[in-house]
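Trainee: Got a structure for you, questions after.
The values are calculated or read from the model by the stated rules, or taken from the named source; none is laboratory data. Remember, predicted model here, so these are calculated numbers, not experimental data. As a convention, Cβ positions derive from the backbone with ideal geometry for all residues, glycine included, and neighbour counts pool all protein chains shown. The protein model used for the area step is the full one, side chains on, heavy atoms only, and it has no ligands, DNA or RNA in it. Shrake-Rupley method; radii C 1.70, N 1.55, O 1.52, S 1.80 Å.
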Amino acid sequence: MRHMILIAALAVCAVPAAAHAQPVSVPSSGLSDAIVEPFFQALKQGDVALGLKRLTQDAPRLAARVAESDELPKQIEGAIRSYGAIQSWEQIETVPLGTMLRRDTWLVQHRDFVTRWRFIYVRTAAGWTLTSFVFDDQAPSWFD
């Protein structure tokens, strides 16, 4: 069984770069922890709706896309039903793409399996914001 969710950014407003833009560091893992921990905690308690609300509370574009998706909560609930309750989670990787994008990868331990979750952050004029996420259960491909 394959569970794959992708909430793609429909459009990201580009901010014109200054002629001599200063380097901007990617956010520390503390940013990701503050966003992702409450999400996974709600999923662990079995409350997918609360988890999605927590995940998107500071990401209005993502929140709008999540609100439009009837399938997203069902797919998350399906993964929990298939693999058992969430037991724990850990961040395993952070990959920056220049100074404007970042992808954090987390492994989530269910009772009977592990899923991988990826969260994409983009730097905007207002700061770093979560723009999309995906999860899957294709463990053999995780080592590629």
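Trainee: Out of the residues in segment 58-71 that are free of Cβ contacts under 8 Å to residues at least 60 places away in the same chain and touching a helix residue (DSSP H, G or I) at 6+ places or on another chain (Cβ under 7 Å), which is nearest to THR131 (Cα to Cα)?
Mentor: It comes out as ALA63.
Trainee: Something else about it: Residues PHE119, PHE135: which one is aromatic (Phe, Trp, Tyr), part of a strand (DSSP E or B) and within 15 Å of ALA59 (Cβ to Cβ)? It would help to see each step written out before you state the result.
Mentor: Details: PHE135 fails: within 15 Å of ALA59 (Cβ to Cβ).
Result: PHE119 is the single residue among PHE119, PHE135 that is aromatic (Phe, Trp, Tyr), part of a strand (DSSP E or B) and within 15 Å of ALA59 (Cβ to Cβ).
Trainee: Restricting to segment 73-111, name every residue that is in contact with a helix residue (DSSP H, G or I) (Cβ under 7 Å, 6 or more places away or on another chain), charged (D, E, K, R) and more than 16 Å from GLY46 (Cβ to Cβ).
Mentor: Within segment 73-111, ASP104 is the sole residue that qualifies.
Trainee: To continue, here is another question. Collect the residues in segment 100-112 that are surrounded by 13 or more Cβ atoms within 10 Å (Cβ to Cβ) and not in a strand (DSSP E or B), keeping them in residue-number order.
Mentor: Applying the first criterion (surrounded by 13 or more Cβ atoms within 10 Å (Cβ to Cβ)) to segment 100-112 yields 100-110.
MET100 - this is the single residue of segment 100-112 that is surrounded by 13 or more Cβ atoms within 10 Å (Cβ to Cβ) and not in a strand (DSSP E or B).
Trainee: Which pairs have Cβ atoms under 7 Å, sit 6 or more apart or on different chains, and link a residue in segment 92-117 that is closer than 17 Å to PHE135 by Cβ and in contact (Cβ under 8 Å) with a residue 24 or more places away in the chain to one that is assigned to a loop (DSSP other than H, G, I, E, B) and open to solvent by less than 70 Å² (accessible area, probe 1.4 Å)?
Mentor: HIS110/GLY84; HIS110/ALA85; ARG111/GLY84; ARG111/ALA85; ASP112/GLY84; PHE113/ASP137; THR115/ASP137
Trainee: Taking segment 53-99 as the search range and keeping residues that are outside any strand (DSSP E or B) and among the β-branched types (Val, Ile, Thr), which one is surrounded by the fewest Cβ atoms within 10 Å (Cβ to Cβ)? It would help to see each step written out before you state the result.
Mentor: Of the residues in segment 53-99, the ones outside any strand (DSSP E or B) are 53-85, 98-99.
This time we only want the ones that are among the β-branched types (Val, Ile, Thr), so: 56, 66, 76, 80, 99.
Details: THR56: 21, VAL66: 17, ILE76: 19, ILE80: 20, THR99: 13.
Across segment 53-99, the extreme among qualifying residues is THR99.
Trainee: A follow-up question, please. When the residues of segment 29-52 are narrowed to those that are exposed (fewer than 14 other Cβ atoms within 10 Å of the Cβ) and under 18 Å from THR131 (Cβ atoms), which ends up modelled with the highest pLDDT?
Mentor: Filtering segment 29-52 for residues that are exposed (fewer than 14 other Cβ atoms within 10 Å of the Cβ) and under 18 Å from THR131 (Cβ atoms), the one modelled with the highest pLDDT comes out as ALA34.
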